[in-house]
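Undergrad: A single structure is presented below for examination.
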Amino acid sequence: MDKVLMKGNEAIAQAAIHGGCRYFFGYPITPQNEIPEYMAREMPKAGGVFLQAESEVAAINMVYGAAGAGARVMTSSSSPGIALKQEGFSYIVGSEVPCVIVNIMRGGPGLGGIQPSQADYYQATRGGGNGDYNMIVFAPANIQEAADLTAEAFEIADYYRNPVMILGDGMIGQMMEPVLFRETPKRAIEPKTWATTGTGGTREPNIITSLHLDPADLEKHNLHLQQKYARMRRNETRYEYFEIEDAEFVFVSYGTASRIVRNAIIELRQSGIRAGMIRPITVWPFPQTAFDQLGTQVRAVMAVELSCGQMVDDVHIAVRGRWPVGFHGRSGGMIPTQREIVEACTALLEEVT
Amino acid sequence: MPVVFQPTKGLTGVEFHYCPGCTHGVIHRLVGEVLEEMDVLGNAIGVAPVGCAVLAYKYFNCDMHEAAHGRAPAMATGVKRVLPDRVVFTYQGDGDLASIGTAEIVHAAGRGENITVIFVNNAIYGMTGGQMAPTTMVGQRATTCPLGRDPRQVGYPLRMSELLATIEGAAFVERVSVHNPANIRKAKKAIRNAFECQRQRSGFSLVEVLSNCPTNWGMSPLESLQWIKEHMIPYYPLGNLCRPATEGHDDA
Amino acid sequence: MARARGTVSFETDRCKGCELCTAVCPVDIVVIDRKSINRKGYNPATVTDMQKCIACANCAMVCPDLVIRVERVA
């Protein structure tokens, strides 16, 4: 497939197939409907299976079963649907089963709205399920990046035997941009000897379970998982610097919000204010080290989100008091204008001088 | 000397954690024997529930999944869709299937999912200490209906087999009991027919097995089998509720 | 045809003394051995008069813990 103009949701679905996904279990919810619809059309052509489940709860447990049987499998949903799937994520992480989960976020809380939002940041990065667990969470800012990350997510999930989340929002899902489905960097992945394919009478039964009733076992299992997350923190953290070398004012923003911040930075620089941005590509692991390489000229940092402020907590953690940290956000599906971001920057700069 | 009865290779031989006299052990044995006799153990993948049988994955001698409470039919669907030629079954209790997992079992039947469900109905939540289940009998005491189930408060017990048999996708649904040897033999035949239904891709199959809970019913094991006969069977009549048009393995 | 005869063996330490097997033997030879205790601390099931056994396997049929094995005597 050469370069094609495509809606984000459909690009993500195509990228999954391109990444080797052959099983998809989903459920209708705006604004991600085009993903299951695309899979319903295209998965059979790719020799795979699409199935619409009776609920998001059932869908994630179908994913859990299929992935436990060794398949590359994906599900997608949007905010409230992802909330319903949290228990499933915890089980899937607990039993070290790989899969890919897509959340095309919408306004909350509750039924909320269907416009773009980033208000599931805590849910995605702190985990909405029970127990100590993590998963790599990619936050694409455009459709090419969403496609690349989705395809690669299957490699990474299999490599770590852990789910990987693609965290988009209504804008990323609904917007059309040109996209290429290109080669995915491959990983050295162990054969799935743990999968339940049937013993064939030649091996001991494989068991997919997250149950460890003996507390000493469960702690040992937790420490094993924690080592895995430490490896993820070391090897999988990704971010982009934008105009950062001489920046005196550093924005921190991801996904759709970072696109608007990018324009605000260009406008600010034209008016003599040297602004720059750290754009997390993984929101888990959060790119804390990106802050350690900032120049001494930095005077303030500001998080810009489509929420009432969630990633700003991680910014505080990463900044560790070195600079004042501001926040600017819009919620409910409202999108900040370039002007209001420029004004938020100048206001904070006046405050700190 | 010819053996008349010996432990089945369908089970791992790990000792059951079940209470003395709990017929989960008998039902496990029947499923293990059927899988062994059909020679599909190497091809079988089971899904254990949350409940007393949560440790079933230690007992069945085949690949197993441990599902979240109520979600075994969805999990089994995922497995079956990936491995359509394997024999996939779930083993679930009444809290798992008839309470939190009602949507999953109804839609697995609705899809005619080609899996076999072993549904153990003992009219109570066992693992968690004797709470009321959707199948708890009217007047039966449980820790969450201490004065006995009052239908004006919490309605009547659910007859899941009848409910599921009305669903087009359900190819084989039968209710059996294990309260005496004769019924145990019939239960095994029904379980065999259910797995044959799956092997012939006729669609969704389920066997509801009336079982006991001496500990939480507050009875001796022998009294509990009597209770099944006197109280449960009148409300949950035994028999086949639907079978595929072309009979599977009917050695009647 | 001569009446079938059988022998019954118990994996005593698996038994939980639940008594189900004692109620289904057509020749009433399966009982709980009150004089001994197994590894689990239960009085295990046993057979009093093996000669009477007709190898029907009812006892094994109802045993929830795979304790009982039945063989036919030629």
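Undergrad: Here is a list of conditions, (1) under 21 Å from A:A11 (Cα atoms); (2) touching an Asp or Glu at 6+ places or on another chain (Cβ under 7 Å); (3) within 13 Å of chain B (Cβ to nearest Cβ); (4) aliphatic (A, V, I, L, M), and A:V73 meets all of them except one; can you say which number that is?
TA: A:V73 satisfies every listed condition except (2).
Undergrad: Cβ-Cβ below 8 Å, separation at least six or inter-chain, first residue in segment B:5-25 and surrounded by fewer than 23 Cβ atoms within 10 Å (Cβ to Cβ), second in a helix (DSSP H, G or I) and of a type in the set (V, I, T): which pairs?
TA: Sorted first by the residue in segment B:5-25, then by its partner, the pairs are B:C19/B:T215.
Undergrad: Pick out, from chain C, the strands (runs of 3 or more DSSP E) lying fully within it that include 2 or more residues that are more than 7 Å from chain B (Cβ to nearest Cβ) and of a type outside the set (K, R).
TA: Answer list for chain C: C:5-10, C:30-32, C:45-47.
Undergrad: Looking only at segment B:191-212, count every residue that is of a type in the set (G, A, S) and surrounded by fewer than 24 Cβ atoms within 10 Å (Cβ to Cβ) and tell me the total. First the steps, then the outcome.
TA: Initially, segment B:191-212 is screened for residues of a type in the set (G, A, S), giving B:194, B:202-203, B:205, B:211.
Then keep just the ones that are surrounded by fewer than 24 Cβ atoms within 10 Å (Cβ to Cβ); that gives B:202-203.
Going through segment B:191-212 one residue at a time, the tally reaches 2.
Undergrad: Same structure again: Applying the selection to segment A:4-60, what residues are over 20 Å from A:D148 (Cβ atoms) and among the aromatic types (F, W, Y)?
TA: Listed by number, the residues that qualify are A:Y23, A:F25, A:Y27, A:F50.
Undergrad: In segment A:22-59, what residues are under 22 Å from A:I143 (Cβ atoms), touching a residue at least 40 places away in the same chain (Cβ under 8 Å) and touching a helix residue (DSSP H, G or I) at 6+ places or on another chain (Cβ under 6 Å)?
TA: Hits for segment A:22-59 are A:F24, A:G26, A:I29, A:P31, A:Q32, A:E34, A:I35.
Undergrad: On the basis of being more than 30 Å from B:P84 (Cα to Cα) and surrounded by fewer than 21 Cβ atoms within 10 Å (Cβ to Cβ), does B:L147 make the cut?
TA: Working: more than 30 Å from B:P84 (Cα to Cα): yes; surrounded by fewer than 21 Cβ atoms within 10 Å (Cβ to Cβ): yes.
Against the criterion (more than 30 Å from B:P84 (Cα to Cα) and surrounded by fewer than 21 Cβ atoms within 10 Å (Cβ to Cβ)), B:L147 qualifies.
The rows are residues; the columns are (1) more than 18 Å from the chain's Cα centre (by Cα); (2) surrounded by fewer than 22 Cβ atoms within 10 Å (Cβ to Cβ).
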site	(1), (2)
A:Y38	yes, no
A:P44	yes, yes
A:F50	yes, yes
A:S55	yes, yes
A:G108	no, yes
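Undergrad: Evaluate segment A:207-216: report whether one residue or more is more than 30 Å from B:L83 (Cβ to Cβ), buried (at least 18 other Cβ atoms within 10 Å of the Cβ) and at pLDDT 95 or above.
TA: No, segment A:207-216 contains no residue that is more than 30 Å from B:L83 (Cβ to Cβ), buried (at least 18 other Cβ atoms within 10 Å of the Cβ) and at pLDDT 95 or above.
Undergrad: Hey, can you tell me all the residues within segment B:1-18 that are of a type in the set (A, V, I, L, M, F, W, C) and more than 8 Å from chain C (Cβ to nearest Cβ)?
TA: Taking segment B:1-18 and keeping what is of a type in the set (A, V, I, L, M, F, W, C), we get B:1, B:3-5, B:11, B:14, B:16.
The one that is of a type in the set (A, V, I, L, M, F, W, C) and more than 8 Å from chain C (Cβ to nearest Cβ): B:V14.
Undergrad: Now for a separate question. Outside any loop (DSSP other than H, G, I, E, B) and either farther than 25 Å from A:P163 by Cβ or outside the structural domain of A:Y133 (by TED's automatic domain parsing) (or both), is that true of A:G276?
TA: For A:G276, the condition - outside any loop (DSSP other than H, G, I, E, B) and either farther than 25 Å from A:P163 by Cβ or outside the structural domain of A:Y133 (by TED's automatic domain parsing) (or both) - is met.
Undergrad: A further question on this structure: From (1) out of contact with any Ser or Thr (no Cβ under 8 Å at 6 or more places or on another chain); (2) closer than 22 Å to B:V209 by Cβ, pick out the condition that doesn't hold for B:P84.
TA: (2)
The values are calculated or read from the model by the stated rules, or taken from the named source; none is laboratory data. Quick caveat, the model's predicted, so the values are computed rather than measured. We place every Cβ from the backbone using ideal geometry, glycine too, and count neighbours over all the protein chains shown.
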